[in-house]
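The values are calculated or read from the model by the stated rules, or taken from the named source; none is laboratory data. Treat the numbers as computed from the prediction; the structure is a model and nothing was measured. Cβ placement follows ideal geometry from the backbone for every residue including glycine, while neighbour counts extend to all protein chains displayed. The area values use the complete protein model at the heavy-atom level, side chains included, leaving out ligands, DNA and RNA. Shrake-Rupley method; radii C 1.70, N 1.55, O 1.52, S 1.80 Å.
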Amino acid sequence: MSQQGQGQASTDQLTVEKEIVDRVIARFGDKVKLAYVKPRRIRFNVSKDIILEFARYARDELGFDHPISVAGVDYPKNKLIDVVYHIGSCTNDKFRSSVLVFAVQLDRDDPVMPTLIPIYRGVEYHERETFEMLGVIFDGHPRLERLLLPEDWADIPPLRKDFHTKGREE
Amino acid sequence: MGSVSGMLRALASGSKHLAVKRFTLRYPEQKLKFVGDGYQFDPKEGVGIAGYRGRHILYHDKCTGCQLCSIACEGIAEAISMVKVDKQYKQNKKGIMPQIDYGKCVFCGLCVDACPFYALFMTDDYELAAYTKEHLIYTPDQLAVKPKYQGTYEIKIDELGAYHDE
Amino acid sequence: MGLEIDRERIPGFDVEGKDADGMDKGILTLSVGPQHPGSGHFRLIVKVDGDIIVEALPDPGYVHRGEEKMCEYRNYIQNIPHLERPMIADSCGILYPYVLAVEEICNIPVPERAKYIRVIMAELNRCIFELYWLGIYGIFLGHSTMFMWPMADRELLIDLAEMASGARVTHAYFVPGGVRNDVPDAFPEKAKRHLLYFRNRLKEYKDIFYDNPLFQARTVGVGILRREDAINLGATGPVLRASGVEHDIRKVEPYDVYDELDFKVITMNEGDSFARAYVPWLEMYESVEIALQALERMPSGPVRTKLGPNPKGAVGEVFKRVEAARGELAYYLVSDGNPKPYRVKLSVPSFREIPVMAHLLKGAKLADMPSIYWSMNYWPVEADR
Amino acid sequence: MLLFGVVASVPALIVAKMIAPRRRFFNPVKFMPMECGQVPSGEGRTRFMMQYYSYVLMFVVFDVMTIFLYAWGVSLFGLPRAVTLPIIIFLAILGAALAYAMYLSARRDIW
Amino acid sequence: MLRELLSPKRESSRGALDGERPANFNILVGKLSEVLVKAIDKPLGYAINWGRLWSLWPVHLETACCSLEFGAASGPRYDVERFGIIEAFGSLRQCDLMVIQGTVTRKMAPRVRMIYDQMPEPKYVIAMGACAITGGLYFDSYNVLPGIDGVIPVDVYVPGCPPRPETLIQGCILLQEKIKRTRFR
Amino acid sequence: MSTVSEFTFSNFVKSVLWLLFWILIIVSLIALPIIFIVLFYVPPPVINGVEINPYLLLTMLTNPQVGAPLIRPTLESLFFRIAVFPGFTFAALFATVLIFAERKTLAKMQLRVGPYHAGREAFWWANSLGGFLQLIADLLKLLGKEIIVPSGADKPIFWAAPAVLVIAAAGLIALIPVAPGWVIADIDVSLLAVFALLGFFPLTVLLASYASNSKYPFIGGLRALYQLISYEIPLILAVLPIVILASTLSLTGIVEAQYSYWFILLVPIGAFVFFVTALAELERIPFDLPEAESEIVAGWLTEYSGMAYGLIQLANYIKMYALSALFTTLFLGGWIGPEFLPSIEVFNVQVLSSGEVSSIFWFTIKTFGVALFMIIVRGTNPRVKIDVLLRVGWSKLIALSFINVFIAVALLYLGVVGVGH
């Protein structure tokens, strides 16, 4: 996995980050896994069962109120697809320089997870893009359909690692 | 009344510009002046020298046929391919030199960064439009020609506004 | 895989408008784009009921070029030219976070002078983009003079950027470890001259455009984006700041030398199209201020750290964000230790404005469409990547 | 003059039609209604919601009334002054109706 | 090649091979019609071809980022209106020049073709930018066409990424040369 | 169809010479016999008591002095007036100059050059014209352009609309007096006729848009209708004080009533309202809603191509001339101005008197000034919205026009001005 070996951030200046971690751990305990803490970046790995709860907690209690990016990463070796949400904050002055990262690790053959639109309305198009590019299905999404690719696209989703463009098969 | 005065001010502002000098560069007759002789790279320092990134110039007496420019371009646009040249140079045992397809080139200059022998630079020439794609492929011999391009005009600023002048 | 797609619902060639339901109500489905003077390389499917837009479905993807997939086949340096193509009007802005991310993941130091040059170039590019944007905004509202003046003044700054980097718009100037070449000796003086003249020119726009009652009639009170909506929908940049949220990455999370420079974050509370058009104009003054300060303080020294041909990244991931001209631009970069990145994700501001646009267009008048659409700071190529 | 308009404009159309280039084969796409590069969907002439309908009604009324004023205006100089009073009253009624209509329009959104 | 096609020698030989109208059909009528064609068509053809040179109205089609430099070219500094090129026509029915401004993706290609089809004759195409000519940077992208030659016929190639406005103007001048030398239809 | 080997100047000259040669042959073989046959049956026209027969024409070739007394009667003939001077040719020329002036003035305001190079490869003097050949190039191009009629269009209406627009515009210029006595149709109620003709345009636009069978023209046509609704009444009301002050509906009479004061000095509000509504009538920025590019592609013009489009543009600019001239006539005193130009004489026979020349000069200058102001307004303003236009038209402009009417009535009753003044 990519995120190992990064948890060892210098511990002195990270008071704000530490506070976020403590509050999240206090609330969710073992259900979330801390992947790393770096200056201004905190990543948790969250299972898809509690993702809605987690996101709601992050929005309402911690003040992480707007989505910056939703990225899917394909790991064919581990048979996993990470859906990584980067959430920022405008309203909470303390946390506004930090980015809360939480990732859902899905089974690569059956990537289904609930949509986060009820909590962050802005993720609608990000999730459509992730659906299109990696084939992740978001339960409850109102318009899960073609976004960027042509209407007659019939190949596998292009950002999966087993999709190779012409002349670049390795 | 505020809206009327706003309208009048807009009209006045527009009319005022009837007296401002024209900004147009009359291109086919006037050409722009650039800094330096085009983008160059100093491999010893590892830093480029500022200049316009136009068509390349290839110094046949320095090119060793090492293909580094071609390799650099491989991941970018695949514009550079190595072709045989008729003449033999003692530093160029293989007798191959880059040929650039300007239908693909994006003028990023990373091939110049890759050349360790001061052989490939860029020039100020940008007049490359052509009728066919074949005309856009420049052989090593064409690349060796120094462009006859000479621009003299640049932006002048004074109380009449900005305009182009020699 | 679960990739079956309901072909009936694809926003494509012939599906909309044929349902008997919509016809009976007299709802007309307009396709605004791709060949439309008011759309650019983008399509809005607009359903109008008389003069009111009942639904606006954005249909991006006409310029989707697969940048993220291409990144996986190229090494860190080769990625530079094509990663700036999505936003060539602001090519430094879109390259900036990538360069910062690569510097962090490959652990490359940056000389001090290079940092200042980067800031100057980023601010010049911000102005270049805003001027182009303003020009198109003018022509969208039928004001051809307002297209031409910003285009003319933009050329002053383009001349500066070209002087430093060697290309008009696709600079490919930032590299991991600094910038590609030092600025010419004549640059600071010329830059000061052009920037001061440009700042005077900016005043002219107020009379003919912002104070024009006809312009105000088209934008004031049109497409009001409330503060909560702006935050929740993920709006960013001038759109967010026009809704009264003081959020600027240059202040919130300063990169390079922004924490040493003195500037203000512009906000307005109205949240309408006028505010979204006014904020960039005010920001251009700040940009000129920043660039002038950076020119004053620029130290001498090297501008580029010498690198090997193929820098390798450490295993791990970085998330870097900067404030580009259109808002918060972030790169999520995953590395598996190879010279090539494992995954690059661009989170571009234009893409984040799409839901805002759809939200605002619903219920607006058809004549308000251009002013709302273009006030979003939307650039289709960037959104599609 | 009108005839001359015909003489001047119709030949231009005919000449243009005659010398304009045509492709030999028939390209049905060319003659589709233009819709921004899309295949047109739906009818070009639909039933369309008539917005600002009340303005149309007001127009029908006022247009006739204003033309009446011309008959008054032309002969005003020859008329005794007392005749102006009814016209003033007439204008006042018109103005009041207009003001009421504008007041209503301000209260309704869809006008 | 072009010159050969258009040389008068070929014209006369084609007239002989034509065979539709026997040469001795009716000397007076045959001559007169030829005379009329010669007398009216040729100068009119010159005149209208000359008009086309200086009145190229580009269609408002933006396919990718080169539209930026196209906008700059119609701006005050380069001002293509000097050459009669006005970028102000909304509808493609009034246009006769199509500047493909950059990358044509697979989603855009059918639309580009359709826009080209819907334009009235005569129409000319300029491929602007490396992406429009060969695919450029995106030669290995899964969603980009390798040049637009397969979609529509191209008259002039303007390389660059994006081309300078000067290069675009040079391309327009080349196109004018080409129109001068082509047959009036 | 012939082929063109190469476009060189010598080829061009050769083809022209070739053309002349064959024209001579055709003339001698066909045209001359036809002329003789016609002359045999049709009596020659009589001007000023002189019979215009071929003999006289041939005499005029060698001795032009013979024709001199005939010039003035020719100028006064109806055909000349319709076809040439106050009529169509003059208006079309004026419209052409307006197109050119518009493009150049906007370009200057926008810090650029505008059309400039047209024709420089063929004619060495092309650049010295500053791009005037551009218009001829545009015209020739449009003439040689395919006209597409969309499938499903109502073909007769689609074809007729451009011609109808030109005809209506031509009808407008017939009513405008250029100088004392120089008007084609001098009728008593010419002002009402002008209003009737002005109402013609939006209806034609609506028909044309409906005939196109396409969505954007459809919306554009409806917008033209709304626009008519919003400006028509202010337009009519703004002219009412003029009628009150001049006590006539004839345009000539209105001009003659302004010998002491121009009406713009008495009713400036009316002039303002008339100017705004004239802009709306012309569908020019800031009121070009039916053609708003960024909203509805090109509005009702979307499906028009080639010469049909060219004719519509021609009609638009003739209309622009007509409305500027109308503004001049109604508010700026028409042809009134100091007499300072000399009379025109040919072989000592006076063709135009000094007063006439000055009148035409003043009229042209004033009209051009008004048109130039319209161009500057176009350069400095964005487009408005239809609901704004309706609201402003119905509340502000109508209120202003009513105030205006009361001012006129007050002026009349206070005895300040009037017909007998």
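Overview of values
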read-out: Residues of region E:73-84 classified as under 18 Å from the mean Cα position of the chain (by Cα) and surrounded by 24 or more Cβ atoms within 10 Å (Cβ to Cβ), total; value: 3
read-out: Region C:126-172 - residue that is open to solvent by 10 Å² or more (accessible area, probe 1.4 Å) and of a type in the set (Asp, Glu) and, of those, farthest from C:Glu289 (Cα to Cα); value: C:Glu162
read-out: Search result, residues across region C:240-254 that are more than 7 Å from every other protein chain (Cβ to nearest Cβ) and either buried (at least 20 other Cβ atoms within 10 Å of the Cβ) or among the hydrophobic types (A, V, I, L, M, F, W, C) (or both); value: C:Leu240, C:Arg241, C:Ala242, C:Ser243, C:Asp248, C:Ile249, C:Arg250
read-out: The lone exception for B:Lys94 - which of (1) open to solvent by 30 Å² or more (accessible area, probe 1.4 Å); (2) in contact (Cβ under 8 Å) with a residue 40 or more places away in the chain it fails; value: (2)
read-out: One residue from F:Ala196, F:Ala257 being more than 14 Å from chain C (Cβ to nearest Cβ), open to solvent by 10 Å² or more (accessible area, probe 1.4 Å) and under 20 Å from the mean Cα position of the chain (by Cα); value: F:Ala196
read-out: Sole exception among (1) at pLDDT 80 or above; (2) open to solvent by 20 Å² or more (accessible area, probe 1.4 Å); (3) of a type in the set (Phe, Trp, Tyr) for E:Phe89, by number; value: (1)
read-out: Strands (runs of 3 or more DSSP E) contained entirely in region A:78-170, each with at least 2 residues that are buried (at least 23 other Cβ atoms within 10 Å of the Cβ) and without any contact (Cβ under 8 Å) to a residue 40 or more places away in the chain; value: A:80-88
read-out: Condition check for C:Glu112: among the charged types (D, E, K, R) and either within 14 Å of chain F (Cβ to nearest Cβ) or out of contact with any Lys or Arg (no Cβ under 7 Å at 6 or more places or on another chain) (or both); value: yes
read-out: Residue list for region C:24-78, filter: part of a loop (DSSP other than H, G, I, E, B), of a type in the set (A, V, I, L, M) and open to solvent by 10 Å² or more (accessible area, probe 1.4 Å); value: C:Ile77
read-out: Scope region E:83-117; condition farther than 20 Å from F:Ser294 by Cα and either among the polar types (S, T, N, Q) or without any contact (Cβ under 8 Å) to a residue 40 or more places away in the chain (or both); matching residues; value: E:Gly84, E:Thr103, E:Thr105, E:Arg106, E:Lys107, E:Pro110, E:Arg113, E:Met114, E:Tyr116, E:Asp117
read-out: Every residue from region F:367-416 that is within 14 Å of chain C (Cβ to nearest Cβ), outside any helix (DSSP H, G or I) and out of contact with any His (no Cβ under 8 Å at 6 or more places or on another chain); value: F:Val384, F:Lys385
read-out: Residue among B:Ala119, B:Ala129, B:Ala77 that is at pLDDT below 85 and open to solvent by less than 30 Å² (accessible area, probe 1.4 Å); value: B:Ala77
read-out: Among the candidates E:Ile133, E:Ile126, residue that is more than 12 Å from the chain's Cα centre (by Cα) and within 14 Å of chain B (Cβ to nearest Cβ); value: E:Ile133
read-out: Tally, over region C:310-356, of residues that are surrounded by fewer than 19 Cβ atoms within 10 Å (Cβ to Cβ), at the interface with another protein chain (Cβ under 10 Å from one of its Cβ atoms) and touching a residue at least 40 places away in the same chain (Cβ under 8 Å); value: 1
read-out: Those helices (runs of 4 or more DSSP H) lying entirely in region F:205-289 with at least 3 residues of a type in the set (Ser, Thr, Tyr); value: F:215-246
read-out: Region A:45-80 - residue that is within 11 Å of chain C (Cβ to nearest Cβ) and among the β-branched types (Val, Ile, Thr) and, of those, nearest to C:Gly327 (Cα to Cα); value: A:Ile68
read-out: Single match in C:Arg193, C:Arg201 (criterion: open to solvent by 10 Å² or more (accessible area, probe 1.4 Å) and either touching a helix residue (DSSP H, G or I) at 6+ places or on another chain (Cβ under 6 Å) or closer than 23 Å to C:Tyr137 by Cβ (or both)); value: C:Arg201
read-out: So F:Val351, is it hydrophobic (A, V, I, L, M, F, W, C), under 26 Å from the mean Cα position of the chain (by Cα), over 28 Å from B:Arg9 (Cβ atoms) and not in a helix (DSSP H, G or I); value: yes
read-out: Condition met for F:Thr277 (buried (at least 23 other Cβ atoms within 10 Å of the Cβ), in contact (Cβ under 8 Å) with a residue 24 or more places away in the chain and among the polar types (S, T, N, Q)); value: yes
read-out: Exclusive hit being within 14 Å of chain E (Cβ to nearest Cβ), at pLDDT below 85 and open to solvent by 20 Å² or more (accessible area, probe 1.4 Å), set B:Asp86, B:Asp165, B:Asp101, B:Asp158; value: B:Asp165
read-out: Which listed residue, of F:Ser151, F:Ser128, is of a type in the set (Ser, Thr, Tyr), more than 22 Å from F:Thr367 (Cβ to Cβ) and at the interface with another protein chain (Cβ under 9 Å from one of its Cβ atoms); value: F:Ser151
read-out: Answer residue from region F:371-391, given it is of a type in the set (A, V, I, L, M, F, W, C) and over 15 Å from F:Glu281 (Cα atoms) and is most open to solvent (accessible area, probe 1.4 Å) among those; value: F:Phe373
read-out: Lone unmet requirement of (1) surrounded by 15 or more Cβ atoms within 10 Å (Cβ to Cβ); (2) over 23 Å from F:Pro290 (Cα atoms); (3) touching a residue at least 60 places away in the same chain (Cβ under 8 Å) for F:Gln350; value: (1)
read-out: Qualifying residue in region E:99-120 (condition: surrounded by fewer than 23 Cβ atoms within 10 Å (Cβ to Cβ), in a loop (DSSP other than H, G, I, E, B) and within 8 Å of chain B (Cβ to nearest Cβ)); value: no
read-out: Qualifying residue in region F:32-44 (condition: assigned to a helix (DSSP H, G or I) and open to solvent by less than 40 Å² (accessible area, probe 1.4 Å)); value: no
read-out: One residue from B:Asp101, B:Asp42 being under 25 Å from E:Val156 (Cβ atoms) and not aromatic (Phe, Trp, Tyr); value: B:Asp101
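For (1) within 7 Å of another protein chain (Cβ to nearest Cβ); (2) among the aromatic types (Phe, Trp, Tyr); (3) farther than 18 Å from E:Leu97 by Cβ; (4) in contact (Cβ under 8 Å) with a residue 40 or more places away in the chain, each residue gets a yes or a no:
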position	(1), (2), (3), (4)
E:Leu137	yes, no, yes, no
E:Tyr142	yes, yes, yes, no
E:Leu145	no, no, yes, yes
E:Ile148	no, no, no, yes
E:Tyr157	yes, yes, no, no
E:Pro165	no, no, no, yes
E:Gln170	yes, no, no, no
E:Arg181	yes, no, no, yes
